[in-house]
Every structure is written in C-alpha cells, then in structure tokens.
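The values are calculated or read from the model by the stated rules, or taken from the named source; none is laboratory data. These numbers were taken from a predicted model, which means no experiment stands behind them. Cβ atoms come from the backbone with ideal geometry, glycine included; neighbour counts cover every protein chain shown. Side chains are part of the model used for accessible areas, which takes the heavy atoms of the whole protein and leaves out ligands, DNA and RNA. Shrake-Rupley method; radii C 1.70, N 1.55, O 1.52, S 1.80 Å.
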Amino acid sequence: MKHTVSASQESHVSQASSPPDILSPAFAADPYGAYRTMREHAPLIRHEATGSYLVSRYEDVERVFKDKAQEFTTENYDWQLEPVHGRTILQLSGREHAVRRALVAPAFRGADLQEKFLPVIERNARELIDAFRYTGAADLVEAFATRFPVLVIADMLGLDRKDHQRFHGWYTNVIAFLGNLAGDPEVAAAGERTRREFAEYMIPVIQQRREKPGDDLLSALCAAEVDGVRMSDEDIKAFCSLLLAAGGETTDKAIASLFANLLAHPEQLAAVRRDRSLIDRAFAETLRYTPPVHMIMRQTAGDVELSGGTVPAGATVTCLIGSANRDEARYAEPDRFDLFRDDLTSTTAFSAAADHLAFALGRHFCVGALLARAEVETGVNQLLDAMPDLRLADGFSPVEEGVFTRGPASLPVRFTPVGG
C-alpha cells in the first residue's frame, strides 16, 4: 500500500495536517466538515499512514471513475480485495472484464430481476417485518436493514437460510478488512480466515449445482457462457463472496440512512408516504448526501495531474465519495438533504449515467445497482405500509458510524401497529 514519492513530486501535494486525519476520531465523528476543508484548501493530500493520495473534489473523483484516458487501474484490488475474496471481476480489465461482466450482469437487470428475484425480495421484506409489525417498536437497523439484503442474496443464490448468521459474520469480517486503513493485524487475519472458510463452504455447493442445476442465481452463474468462456468454480466463489459483502453492507446502510434522513425531515417523509414514486428520489438523494461507501480506491497507470498537484505512477488514489457528493461546485446547498433538488437526476441515478458517485461510474459501475434499487423500493414501501405514524424513539438521535463505509449504528422507532 505504501508508495514512495520524490521530494519534487511531494512538494506539489498537501500533507494531511490542516484537515482532520481520516484515521482520527474527529474524522470518524464528522467526516463532512473535514471533507469541506479538503475540497477548499487541500484537494489532493498525500496521506502517509495509508500510503495513498486523497482526492476530494467531484470533478477529480468523476474523472478517476470514468477514466476515459485509461489513466487509472483497479490493481489496488490485488491487495485490497483478493486476500478476502479471491480474484474478482473488479480486478479485471479490457476484454477479460467485459466478458466476465457479461456473464454475471443479466441476473441483475430486466426479466431475471423482475420475474425471478423480485418475489424473493418481497417475501424477505414481509417476513422480517412480520416479526415486529404488531409490536409498535423496532430498531430498523438490527431488525431489518442488516438482515434484509443478506437474506435476499442468500435466497437468490439458493443457499441454506439456516446459515444466515455465518454469511453475516463473513461479510462483517470482509467489510472490516476493506476498511482496515490503520492496518490492524487481527482484522487482517480475520479477513483472510473468512476467505478460507467461505471457500470451504461454497466450492462443494457450486460443484453440486453444476451436477444438479436449479432455478437460482448460482446455477445460472455455473451455466453462463459468453464467447465460449465459462466461469470456473473459483471465479463463481469469488463473485458470490463479493456479492454477499458488497451487496449486503451497502444496501443495509442505504436503507438505514434513507430512513434516518426522512425521519430528520418529516415533511419529506410525509411526501414519500403520500407518493411512493418519490422513493427513487429519496434513495438517490441518500446516496448523494450520506453514501454507504465513502471511499473507493484506484491506482495510477502513469503520472496524473489532478486538482492540487501530480499523482505519480503506481500510486494508490483514495476517491472520497462522501466528499465529492457534497461538493459545492456540483450541488447547490450540498449539506442539505432535499429529495426535490433539481441538480440530481433520479431517473439515471441507478445507471452508469448517474450524477452522484455512490455506485462509482464507468466500466466498474456497480453491477448490483438495480438490485439495490429493487430492494430499497420494496423494503421502504412495506415498512411505510406497516408503520403509518413512524417516528424516532423518544430522545433518540441517529449517529452515523464508520469511515470506509458509513451509516446509522441503530435506528429505534415507534409506530402504531396497523389494525393494532
């Protein structure tokens, strides 16, 4: 992760002295103030502890993600993801990446998503809500958000539901590994142990599906073929590992953050309750205002000029999504949650044409964006139906936690049960 730069290169780049350091308690408590300082005074920071360059302005992060000049690679995932997932689609480029993406993408859009997986999403939301719909109280994080996307993905893959707690434990370890910016050896060891345990669990299941395919996503991945290329057992295992972690953690935090944002703005919550078509807008604005993933890394292929200086070849660039999405140069009143804002396009918010950066952009735009949208639409609709006068528990104020990924740690609410 370390990258040595010369004194002449370093002189153009701010050192992490004025804004709170991204590993500090002050930053964890409120990254948004630090982001503002970075954008205004230090848009490119050489961060010694992580050996990376912090990029905070929208125009720079957008350029890194779109990468039209092929100045950035995903070679950082060799050390960032491969130790926990194995080699994934995110590490691939060119034709190899295009073919692998074509193998997995159909399951996450169009007819497959609507016909095969929407009923799975609806059933899982209903079953989770059934556990608390008549109680008048729930913690939306613990009772719903952290469970819902992992159960959906496990069901999509046709995995045994009794193993849900193991899946949840694995994805928690993986997310901790990805966010281990301080290099905690215990976190690293737990991540690498998870890779072994997940492989021991998944490879036999994959081999069984090859012999006796079903009507699930795992069977579809086993059978998928593009230009004579099929995925190996290891390819499929790595993708499933990535899907559980990335799809679980991000949707979990997105749902919790969406409700936290709406509960803090009762007039917007009332508007969404009246007109459910506004859920898309509320989700898009949540992705901008409080994105689940605050940082995505890339690696430079050569020297690159960005706002604030030069990043040398072979360096890790940490794109601060949480900052870029609050850039005053891109959004009016960026620190205000407003699902009605006219500078964020909800119709393209879940496609590679999105103008927020929460799903990245370009070749590596999140393949699961439409799945996340379907989960959020379904979950929010069912929760609003079950909780007609939803409100925060007395005296509670939501607190975001996390640096690499971020969301409310808990969200206790009260409501009058329907028919109760």
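Which of the listed residues, Gly407, Ala369, Phe337, is farthest toward the dipole's positive end in region 270-420, when Lys, Arg count +1 and Asp, Glu count -1 at the beta-carbon?
Farthest towards the positive end: Ala369.
Under a 1.4 Å probe, what is the accessible area of region 277-420 per residue, stated in Å²?
33
Take Ala29, project a point 7 Å from its Cα along the Cβ direction, then tell me which residues of region 394-420 have their backbone nitrogen under 15 Å from it.
399-402
I'd like to compare 50-56, 201-207, 377-383: which one has the highest average count of other Cβ atoms within 10 Å, and what's the full order after that?
The most tightly packed comes first, giving 50-56, 377-383, 201-207.
Report the Cα centroid-to-centroid distance between region 152-172 and region 346-420 in angstrom, as an integer.
20
Excluding residues fewer than 8 places away in the same chain, name every one of the aspartates and glutamates whose C-alpha is closer than 16 Å to that of Lys116.
Asp155, Asp215, Asp216, Glu375
Please give the length that would be gained between Val399 and Asp215 if that part of the chain were fully extended, namely 0.36 nm times their separation in residues minus their C-alpha to C-alpha distance (nm, one decimal).
62.2 nm
With +1 assigned to the C-beta of every Lys and Arg and -1 to the C-beta of every Asp and Glu, and no other charges, what is the dipole magnitude of the chain about the Cα centre in debye, to the nearest 20?
500
Share of region 268-398's accessible area from carbon and sulfur, percent, 1.4 Å?
Within region 268-398, the accessible surface is 51 percent carbon and sulfur.
Within the set of other residues whose C-beta is less than 11 Å from the C-beta of Arg63, count the net charge using Lys and Arg as +1 and Asp and Glu as -1.
That sum, taken over residues with Cβ under 11 Å, equals -2.
Cross-link partners among lysines for Lys66, C-alpha distance below 26 Å, same-chain residues fewer than 8 apart left out?
Cα-Cα hits under 26 Å: Lys2, Lys253.
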